[in-house]
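This report refers to the structure that appears directly beneath it.
The values are calculated or read from the model by the stated rules, or taken from the named source; none is laboratory data. Model, not experiment: these values are computed from the prediction. Using ideal geometry, Cβ is built from the backbone for each residue, glycine included, and neighbour counts are taken over all protein chains shown. Side chains included, ligands, DNA and RNA excluded: accessible areas come from the protein's heavy atoms. Shrake-Rupley method; radii C 1.70, N 1.55, O 1.52, S 1.80 Å.
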Amino acid sequence: MKSKFTLEINKPCSEKFSGFKKTELGGFCSSCQKEVIDFTGWSSQEIINYFNNNSNQKTCGRFNDYQLGSYVEPTKPNRLNYFKGIGVACLSLFSFGISNAQKENTPTEIVAQKLKNQKNTKPQNTFVVKGVVSDEAGPLPGVSIHLQGTTIGTETNFDGEYEFPRQLKKGDVLIFSFVGMDSKKIIVENKETAATISMNVTLESYLCVIAGEVSIKKPFKSKKSFWKKKFKNEK
């Protein structure tokens, strides 16, 4: 059976989270003497797991407004879907083999022309870009960073640190994005022509963040009456 519940905050807290003493899961509020868990960076599944394991204790939390609402435990995939997945994978491998066979038939004249064009291209000065991404509360993990016009990118680690996976050049544009934050486009510059430059970025939230004691509501399940049970047993 699916596990379903609804999260609400009936009385939002007016204390500033940025002034709390940091803890492992969030911050400690000296006013109410409780730990406030910061759920703003948690996934839906992580939130479900937490409240399934801590349903009998009171929790003070900090949420993005869209995180408050109903949660349903996803159903496990059945065996039929498993075999469908295997079939799709086999078709993908077959298509991949055909694609490779077509690539192998590429005329050598085209390859030679590409190599010639590469030799004529003048190398540009490139360098390593790294830094830290933060918000008002501190370093921000899981921020997506990618090079504009490409699919090349990376993410910040637990401490908000990143190092772009390939060297960049002056004029390249990096896009920093995170759920609930305004994205930022930054043009890469290297005035000192260093081999490595540091680019620290601060993102600002555009969502409403709500903190307070969490109210957990579960669906009401009516108990079968004595006569319904008796009627069922007589059948």
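Would you check if there is a residue in the range 133-149 being farther than 30 Å from Val209 by Cβ and modelled with pLDDT under 90? The answer is no, given that none of the residues of the range 133-149 is farther than 30 Å from Val209 by Cβ and modelled with pLDDT under 90. If you check Ser183, Ser225, which single one turns out to be of a type in the set (Ser, Thr, Tyr), at pLDDT below 80 and open to solvent by less than 90 Å² (accessible area, probe 1.4 Å)? From the options Ser183, Ser225, the qualifying one is Ser225.
So that you can scan it fast, the table gives a plain yes or no per residue for (1) modelled with pLDDT under 95; (2) under 28 Å from Glu24 (Cα atoms); (3) part of a loop (DSSP other than H, G, I, E, B); (4) among the aromatic types (Phe, Trp, Tyr):
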| position | (1), (2), (3), (4) |
| --- | --- |
| Phe158 | yes, yes, yes, yes |
| Tyr162 | no, yes, no, yes |
| Lys170 | yes, no, yes, no |
| Val179 | yes, yes, yes, no |
| Asn190 | yes, no, yes, no |
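Among the candidates Asn105, Asn125, Asn100, the residue that is open to solvent by 80 Å² or more (accessible area, probe 1.4 Å) and modelled with pLDDT under 65 is uniquely Asn105.
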